[in-house]
């Protein structure tokens with residue numbers, strides 16, 4: 001989890017998000033990401049993330065989904081984390097709304113790091129107690145601390 005923690009910034013944690021479908025959640029996450037100073041070419045970044053999603057997204061099966069991309073339209077690894085108040089229109093295998101959404105992106109030279117980061121993030125968020133701590137957190141700082149407890 002160390003790599004992901006190094007990628008996460010307090011300003012990239014977003015609470016109170018709203019979406020009624022996976023596509024609208026993707027749009028929300030891309031819009032949050034392109035405002036990040038590490039995104040060099042916002043339109044190219046958005047297209048790469050959408051293209052990646054057309055092929056596959058990583059659904060944790062419990063409460064989360066991660067969108068991801070490998071692209072040179074960013075200057076450094078990017079981790080955007082969002083909590084959607086009512087979920088994103090999909091339900092987990094536990095019949096609960098999928099409400100924790102991530103977007104991870106890395107420059108092409110870090111391609112090997114992405115798969116490892118996605119797996120670690122999935123394992124972390126699929127731990128019921130971790131997910132519940134994140135759901136109960138009232139501030140970005142609390143969520144940042146939860147990720148840093150690892």
Being over 12 Å from residue 26 (Cβ atoms) and more than 13 Å from the chain's Cα centre (by Cα) narrows it down to one residue among 106, 48; which is it? 48
Checking the structure you have, find out if any residue of segment 9-32 is closer than 15 Å to residue 78 by Cα and part of a loop (DSSP other than H, G, I, E, B). no
So which residues in segment 10-24 are loosely packed, with under 15 Cβ neighbours inside 10 Å and in contact with a strand residue (DSSP E or B) (Cβ under 8 Å, 6 or more places away or on another chain), if there are any at all? 16, 18
Of residues in segment 57-86 being within 14 Å of the chain's Cα centre (by Cα) and in a loop (DSSP other than H, G, I, E, B), the one modelled with the highest pLDDT: 77
Reported set for segment 112-142 where residues are out of contact with any helix residue (DSSP H, G or I) (no Cβ under 7 Å at 6 or more places or on another chain), farther than 30 Å from residue 71 by Cβ and either in a helix (DSSP H, G or I) or modelled with pLDDT under 90 (or both) is 128, 129, 132, 135, 136, 142
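Per-residue answers, yes or no, for (1) in contact with a strand residue (DSSP E or B) (Cβ under 7 Å, 6 or more places away or on another chain); (2) more than 25 Å from residue 134 (Cα to Cα):
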{"site": "5", "(1), (2)": "no, no"}
{"site": "26", "(1), (2)": "yes, no"}
{"site": "31", "(1), (2)": "no, no"}
{"site": "37", "(1), (2)": "no, yes"}
{"site": "63", "(1), (2)": "yes, no"}
Looking at segment 42-52, can you tell me whether even one residue there is part of a strand (DSSP E or B) and either more than 17 Å from residue 144 (Cβ to Cβ) or in contact with a strand residue (DSSP E or B) (Cβ under 9 Å, 6 or more places away or on another chain) (or both)? no
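The values are calculated or read from the model by the stated rules, or taken from the named source; none is laboratory data. Everything numeric in this text was worked out from a predicted model, so none of it was measured. Neighbour counts run over all protein chains shown; Cβ positions are idealised from the backbone, glycine included.
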